[in-house]
Amino acid sequence: MIILNSEDVVQDLLEKRSHNYSDRIHLPIREPYGFSQDMIFRKHDDTWRAHRRVAQQGLRADAVKTFQSIQRRCSLDLIRELASTPHAYLHHFEKFSASVILSAVYDHEVTDDHDPMVENVTTMMALFSKLLLPQNSVLVQWFPFLKYTPTWLPWGWFNMESCRSSVQRTLNMPFEELEQKITSGEVSSSVALDAMERFRTTGKISDVDEVVKGACCSLFVAGFETTTSTLMVFLLAMLLYPNAQKRAQDEIDAVVGVDRLPYFEDKSALPFLEAIFRETLRWYPVVPLGIPHASTNGDLYRGYDIPAGALVIANIWALSRDSEKYPSPSEFRPERFLDANGNLTNDTVDFAFGFGRRVCVGRHFAVNSLWLAMARILAAFNIQRQRDESGKLIELKVEWVDGVTSMPKPFPCELTPKRQYDAGGRPTLT
Ligand code: HEM
């Protein structure tokens with residue numbers, strides 16, 4: 001196992017020699033537990049290339065502009081839901097993250113709080129997070145009978161059949177809905193539909209339906225938790241750093257005014273908000289160890305003999321803690337992304353999205369979803385420490401959820417609406 005702790009080494013190996021460092025290691029739980037159709041943990045093979053082509057065509061920088069209307073609609077729903085039940089903010093963040101992705105990828109609109117597709121992915125991710133832990137993975141290899149643990153036992157999540165059916169539901173349900181819409185002629189553009197239409201006719205990909213299914217499900221799985229986690233980190237930062245919050249709100253009020261919510265068109269006039277966005281990605285990267293790469297062939301680098309099949313981890317956390325590049329790295333300081341004239345620097349914290357051929361394929365989409373959600377939350381709410389009935393501040397103890405992604409567990413926080421908004425994003429109350 002090789003851990004890369006500095007940006008120049010990561011660049012040398014994962015970017016410049018990406019032909020050799022874009023593989024993934026074999027995960028023994030992947031096949032028995034039914035995760036084998038995904039793109040995220042797939043080896044660097046032809047099927048991965050086909051998955052990547054589908055995902056990249058749908059989510060490249062210019063293509064994601066077509067999803068801005070979805071992001072506007074979903075972020076407005078988020079604001080209205082936060083205003084009505086502010087303490088359920090984690091639930092609202094999850095719904096927002098699922099809604100933007102499901103709409104863009106499958107043209108599925110999440111309308112209620114118990115959407116079956118959201119429930120499927122949440123159940124599957126919970127199983128996946130447990131099974132992927134090295135200690136559990138090893139247990140299954142040593143004691144294969146664990147795969148048959150009855151689901152009603154405390155260790156029932158080891159049950160292979162129940163996990164396989166959870167994966168199948170997550171893979172198939174959105175497609176069945178899409179097929180029905182195609183049949184009834186009520187279908188709108190989406191990553192899945194566009195890929196099926198394009199690749200069914202070009203013949204560039206064999207087994208198109210299976211590839212599109214696997215690629216789209218991977219987008220949903222990879223994008224759901226990362227988007228939610230980033231919003232949780234953002235909320236925590238705004239709570240702990242009220243001066244940064246206030247400065248961004250003043251900037252928004254000055255540029256956007258108080259008659260409407262921010263739009264994408266406002267982005268270039270809101271440099272401090274952009275700095276907050278970048279600092280959120282840096283301050284607590286939500287995929288702190290990335291997704292491990294693997295070497296295809298043996299390699300020699302700075303005197304180190306790297307064997308074929310080595311596990312190569314880009315330590316994103318260490319890059320975010322580089323105190324030469326980011327002085328006092330544990331502090332949330334958006335100003336570090338502004339130069340002396342108040343202009344944004346060139347540092348867009350790309351390392352948070354991984355490297356080389358495996359770089360996050362959903363990053364352009366993620367940036368848009370998150371930027372708009374953050375802009376609108378700051379425009380619409382004051383985020384403050386929560387007080388008890390006697391007016392005393394409730395103690396703020398932050399605990400972290402650790403899995404492939406990392407995020408703070410819900411913490412006491414008061415979101416006070418500055419205004420209420422109608423269905424068109426116009427304030428109804430100031
Ligand atoms: C703040 C949000 C996000 C962060 C921080 C993030 C971060 C990452 C990281 C670190 C990787 C591993 C890259 C590597 O192996 O070097 C990754 C992979 C991936 N991400 Fe994201 N991601 C985010 C949002 C999204 C979204 C919204 C989507 C889909 C719409 C997505 C889809 C994927 C996929 C499919 C992969 C696997 C790529 C492959 O193995 O070829 N991600 N992401």
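Send over the semi-axes of the chain's equivalent ellipsoid, whole angstrom and largest first, taken as the square roots of 5 times the C-alpha gyration tensor eigenvalues.
For the chain, the semi-axes come out at 34, 27, 23 Å.
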Taking 0.36 nm per residue of separation and subtracting the Cα-Cα distance, what length does fully extending residue 168 through residue 400 add? 80.5 nm
Provide the per-residue ³J(HN,Hα) series for region 163-172, in order, calculated from phi with Karplus coefficients 6.51, -1.76, 1.60 and θ = phi - 60°, each as a whole number of Hz, with x at glycine and proline positions. 5, 4, 6, 4, 5, 4, 4, 5, 6, 8
Mean Cβ count within 10 Å, highest first, over the residues of peptides 12-19, 90-97: 90-97, 12-19
Hey, can you rank 318-324, 172-178 by average C-beta count inside 10 Å, highest first? 172-178, 318-324
Can you tell me how much longer the chain between residue 338 and residue 3 gets when fully stretched, taken as 0.36 nm per residue apart minus their C-alpha distance, in nm with one decimal? 117.5 nm
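What's the exposure ranking of 260, 42, going from fewest to most Cβ atoms within 10 Å?
Ascending number of Cβ neighbours within 10 Å: 260, 42.
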Cα centroids of region 16-43 and region 357-375: how far apart, whole angstrom? 23 Å
For the ranges 199-205, 368-374, what's the packing order if you count other beta-carbon atoms within 10 Å of each residue, average per peptide, and put the highest first? 368-374, 199-205
Nonlocal amide H pairs with residue 413, under 5 Å, H built at 1.01 Å: 386
Would you pull out the residues with amide H under 5 Å of residue 294's amide H, same chain only if 5 or more places away, H placed 1.01 Å from N? 22, 23, 24, 312
Note the full-extension length gain between residue 145 and residue 84 as 0.36 nm times their separation in residues minus their Cα-Cα distance, in nm to one decimal. 17.2 nm
Using a/c under 1.5 as the rounded threshold, could you call region 309-402 rounded, prolate or oblate? The axes a ≥ b ≥ c are square roots of the C-alpha gyration tensor eigenvalues, and prolate needs a/b larger than b/c, oblate otherwise. prolate
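First check a/c for region 111-261, with a ≥ b ≥ c the square roots of the eigenvalues of its C-alpha gyration tensor; if it is under 1.5, answer rounded, and if not, answer prolate when a/b is larger than b/c or oblate otherwise.
Oblate.
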Calculate one ³J(HN,Hα) per residue across region 235-250 by plugging θ = phi - 60° into the Karplus curve 6.51 cos²θ - 1.76 cosθ + 1.60, and present them in order as whole Hz with x for glycine and proline. 4, 4, 4, 5, 5, 7, 10, x, 5, 5, 4, 5, 5, 5, 5, 4
Taking only the alpha-carbon positions of region 1-61 as identical scatterers, the Debye log10 I(q)/I(0) at q = 0.13, 0.14 Å⁻¹ comes out as -0.47, -0.55
Are there GluC sites (Glu not before Pro) in region 347-424 that DSSP puts in a loop and that have at most 11 other Cβ atoms within 10 Å, and which ones? 389, 395, 399
With θ taken as phi - 60° and the coefficients 6.51, -1.76 and 1.60, list the Karplus ³J(HN,Hα) couplings across region 371-381 in order, rounded to whole Hz; mark glycine and proline as x. 4, 5, 4, 5, 4, 6, 4, 5, 5, 9, 9
Simple Cβ-charge dipole of the chain, Lys/Arg +1 and Asp/Glu -1, about Cα centre, in debye nearest 20: 360 debye
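Where a number appears in this text, it was derived from the coordinates with a stated rule and is not lab data. What you see is a predicted model, and the numbers here were worked out from it, not measured in a lab. Counting neighbours? That spans all protein chains shown, and the Cβs are built from the backbone with ideal geometry, glycine included.
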